Amino acid sequence: MTDTTSFRFDGGATWLNLMATRGQSFGPRPVERLSSLEAARSWLEQVGLAPADELSVDHLERLVALREALRVLAMAAVEGSEPALDAVARVHREAEGLSDISRKLDRSGAGVAVQFALGLIAVQALVSLRGPDRLLLKQCAEADCRWVFLDTSGRRHWCPSAGCANRGRVRAHRARRSTEKNDGHQRRQYQDGADDLTEREVLAQ
């Protein structure tokens, strides 16, 4: 996907979907989908956390910083390694912000404070990373993507993006054809060598 305003919501959890707001994160041309206050507000609204207060540049920067910190924690969980301490601190700092917020989720549609929304996302991530969902986390096999998502089937190699799966399958198909071609060439060389040996044996008799 290259549309800078198209969001993905099929990662299995809101905090994982937040990471998908930056596409092809490890490629030469990453796609930033939270490039404006309007985009950030739209994403928060679509995940059920519509801001009740005016979204500021600081809010946007904190949302993006939280996203990248969550990416570090998620990838470390998949790899079985320790995440960077600054990323851990960032997520915990946003999560602790919930204790200072008295506003609760409002079913009337009035929205929530941005700090509350960030705190909810951070807490959801921490719960997932400390619980059984941690074992379901999978990293996309595409080198330029590496989006971490929940794989409840246990069989996925790529993230839910059709583009990643298609590129991966095409590359695997080409690799198989190349291997088959090389194997066929080696067999022909072996057979030619065997034929030459047989001819020499006959002449020597």
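Quick notes on this one:
Quick grid of which residues meet (1) out of contact with any helix residue (DSSP H, G or I) (no Cβ under 6 Å at 6 or more places or on another chain); (2) closer than 14 Å to A65 by Cβ; (3) modelled with pLDDT of 90 or more:
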{"residue": "D86", "(1), (2), (3)": "yes, yes, yes"}
{"residue": "A89", "(1), (2), (3)": "yes, yes, yes"}
{"residue": "E94", "(1), (2), (3)": "no, yes, yes"}
{"residue": "D100", "(1), (2), (3)": "yes, no, no"}
{"residue": "R107", "(1), (2), (3)": "yes, no, no"}
{"residue": "I121", "(1), (2), (3)": "no, yes, yes"}
{"residue": "Q124", "(1), (2), (3)": "no, no, yes"}
{"residue": "V127", "(1), (2), (3)": "yes, no, yes"}
{"residue": "R130", "(1), (2), (3)": "yes, no, yes"}
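- Put simply, of S6, S42, S25 the only residue that is among the hydroxyl-bearing types (S, T, Y), assigned by TED's automatic domain parsing to the domain that holds D133 and in a loop (DSSP other than H, G, I, E, B) is S25.
- Residue count for the stretch 147-172, restricted to those that are among the basic types (K, R) and touching an Asp or Glu at 6+ places or on another chain (Cβ under 8 Å): 1
- Residue check, E32 acidic (D, E) and more than 24 Å from Q139 (Cα to Cα): no
- Of the residues making up the stretch 2-18, at least one is in contact with a Gly (Cβ under 8 Å, 6 or more places away or on another chain) and loosely packed, with under 13 Cβ neighbours inside 10 Å.
- Some residue of the stretch 61-71 being under 17 Å from the mean Cα position of the chain (by Cα) and assigned to a loop (DSSP other than H, G, I, E, B): no
- Close pairs (7 angstrom Cβ cut-off, 6 or more residues apart or separate chains): farther than 16 Å from G23 by Cα in the stretch 56-82, in a loop (DSSP other than H, G, I, E, B) and of a type outside the set (D, E, K, R) anywhere: L60/L34; L73/P83; A76/P83
- Being closer than 16 Å to R130 by Cβ and out of contact with any strand residue (DSSP E or B) (no Cβ under 7 Å at 6 or more places or on another chain) is a property that A87 has.
The values are calculated or read from the model by the stated rules, or taken from the named source; none is laboratory data. Nothing here was measured: the structure is a model prediction, and the numbers come from that model. A quick note on method: Cβ atoms are made from the backbone with ideal geometry, for glycine too, and the neighbour counts reach across all protein chains shown.
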